[in-house]
Amino acid sequence: MESLYIYTACSYVPLEIIRAMGFTPKRLLAPAPSETGLMPRNYCSYVRACVYPSDSIPVVFTTCCDGMRRCYDIRRSRGETVFLLDLPRQVVDTHVEYYGGELRRLAGWLGKLSGSAVPEKLFSREPLFEKIQKNTISADERQIILSGTVLPDDGILQLINEYEATVVKVDFCTEQRSGAEMTYSQKEDEFLSLARAYLSKPPCLRMTGRRFPYIRELVERTGARGVILYTIKFCDHGLYEIPLWRHLCSGLNIPFLHLEGEYKSGMPAQFHTRIQAFLETI
Amino acid sequence: MNPMAVNRVLPRPDAIIATSHLCDGAVKYYSLLRKDLSERVKKGCPAVPLQKKRLLWLHFKPYYPSPLLKRIEQDPGNVIAFEEVSAVTWSKLSPEDWWGSVAAKILTNPFWGPGEKRVELVLNLAREYRCDGVIHFSHWGCRQSTGMVSILREALNREGIPFLNLEGDCIDSRNFMEGQSMTRVESFLEMLN
């Protein structure tokens, strides 16, 4: 196998397995999409970006959304090295067991790529989970939560900082949701343990049943004074999230701003005005 | 092999583009349809006598008054031989293992799971029903179906079967560009004929 890297397209792919099998994981942040007709126009631009390979690095997709499933299908049909993990939604024993089996399958696939068998003991010691960043609550009164899915850069964060507000929590797949405070049980099977740890991490927008309690706890814990939700156009999970945040923020009497844009660098001028106006209400 | 496919005896094109398996009267409707078609097969009397060009319809159709399917029928010799949502992909249900057999039935749904399942089904249907062309109606926002269009187009092209993708909305007629779609269908039929 030529590539030393493995791309991941979802924060639920355990990076520990990729490392244990001798590869280096990298988050797939493809360049903004160019239209060549492989996917319909009304797919989210992150999925449309991921369908065009910019290099030959293998990719691990999950069934996190229907767009990603089809992205995997298209890339597979073109003979590329891709893998699809079937991702459950709940943290119950049956789902953990199923996901544990999926992770074992992932390790087997990685073993084939590297030409080595999956070792009986995957980790010689407790895997070093990515640690969540500790919140640093500043004295700034304009503290907000920024929620969403994925963006190629931190342009929106810079924009918020320009207007002298502080983001106390970045609730994005590429930020704090991708590294969670996880515990590992040495008594349990390694794959089951990883499955349980990853399914228990802060839920993403797809994990509908657990999402509302999580965001409520997030606002209460951080003491945020406002919430900005950035969704990519045509992202279904992002759209499901709008009423949750709106209901929560209206109940807590804090302002809420929904921005809908594309997966690309830079923020349109309209967003500057809207963010500025929003921050003035805090 | 489906005897109706072999005998080229077909139902009316717009008769069964529906997933009404659980509707009241569905058993009666499908039983009558089966009886009618069996009689036609016996008599050698197809619903569409002249079958020059046979089409396979993929995904849904507009469920509101639309001249689209009528236009296909108007030109004598065109017939929608089959459509994929009516394909029976599951084994007979077992009363002894009701839950297991229903679960197995749902898991065979070609819109669920890897895309190869749907490609395989479409290729098999195109072969079994001897279709000359395939039309895919891309319902707005259906990720499961519309995301497969490029894969289906490539697979059918490899088999030498012409493919047309129509974008629209099967429920909301405001999202269906009727004039544009009709022109594209007419061009497709001209090309086939």
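The values are calculated or read from the model by the stated rules, or taken from the named source; none is laboratory data. Predicted, not measured: the structure shown is a model, and the values here were computed from it. Cβ sites come from the backbone with ideal geometry, for glycine too, and all protein chains shown count toward neighbours.
Summed over the stretch B:115-134, residues that are under 22 Å from residue A:71 (Cα atoms) and touching a residue at least 60 places away in the same chain (Cβ under 8 Å) total 1. A search for C-beta distances below 6 Å between a residue of the stretch B:26-37 that is in contact (Cβ under 8 Å) with a residue 24 or more places away in the chain and any residue that is in a helix (DSSP H, G or I), counting only pairs 6+ apart in sequence or on different chains, returns B:37/B:4. For the stretch B:148-170, indicate whether the set of residues that are at pLDDT below 90, surrounded by 14 or more Cβ atoms within 10 Å (Cβ to Cβ) and not aromatic (Phe, Trp, Tyr) is non-empty. Looking for residues that are at pLDDT below 90, surrounded by 14 or more Cβ atoms within 10 Å (Cβ to Cβ) and not aromatic (Phe, Trp, Tyr), one finds none in the stretch B:148-170, hence no. Tell me yes or no: at least one residue of the stretch A:217-229 is farther than 22 Å from residue A:164 by Cα, in contact (Cβ under 8 Å) with a residue 60 or more places away in the chain and not polar (S, T, N, Q). There is no residue in the stretch A:217-229 that is farther than 22 Å from residue A:164 by Cα, in contact (Cβ under 8 Å) with a residue 60 or more places away in the chain and not polar (S, T, N, Q).
Within the stretch A:32-50, residues that are in contact (Cβ under 8 Å) with a residue 24 or more places away in the chain and within 10 Å of another protein chain (Cβ to nearest Cβ) sit with their Cβ atoms under 6 Å from residues that are part of a loop (DSSP other than H, G, I, E, B) and among the β-branched types (Val, Ile, Thr), at 6+ positions apart or across chains, in these pairs: A:38/A:51; A:39/A:51. Residue count for the stretch B:104-144 under the criterion of being more than 14 Å from chain A (Cβ to nearest Cβ), part of a helix (DSSP H, G or I) and basic (Lys, Arg): the result is 2.
Is at least one residue of the stretch B:145-167 basic (Lys, Arg) and either under 22 Å from residue A:75 (Cα atoms) or within 14 Å of another protein chain (Cβ to nearest Cβ) (or both)? Checking the stretch B:145-167: at least one residue is basic (Lys, Arg) and either under 22 Å from residue A:75 (Cα atoms) or within 14 Å of another protein chain (Cβ to nearest Cβ) (or both).
Evaluate the following for residue A:34: is it more than 26 Å from residue A:208 (Cα to Cα) and either out of contact with any Phe, Trp or Tyr (no Cβ under 8 Å at 6 or more places or on another chain) or small (Gly, Ala, Ser) (or both)? So residue A:34 fits the description; yes. State which residue is nearest to residue A:48 (Cα to Cα) when the search covers only the stretch A:81-103 and only residues that are more than 13 Å from every other protein chain (Cβ to nearest Cβ), at pLDDT 95 or above and touching a Pro at 6+ places or on another chain (Cβ under 9 Å). Among those that are more than 13 Å from every other protein chain (Cβ to nearest Cβ), at pLDDT 95 or above and touching a Pro at 6+ places or on another chain (Cβ under 9 Å), it is A:81.
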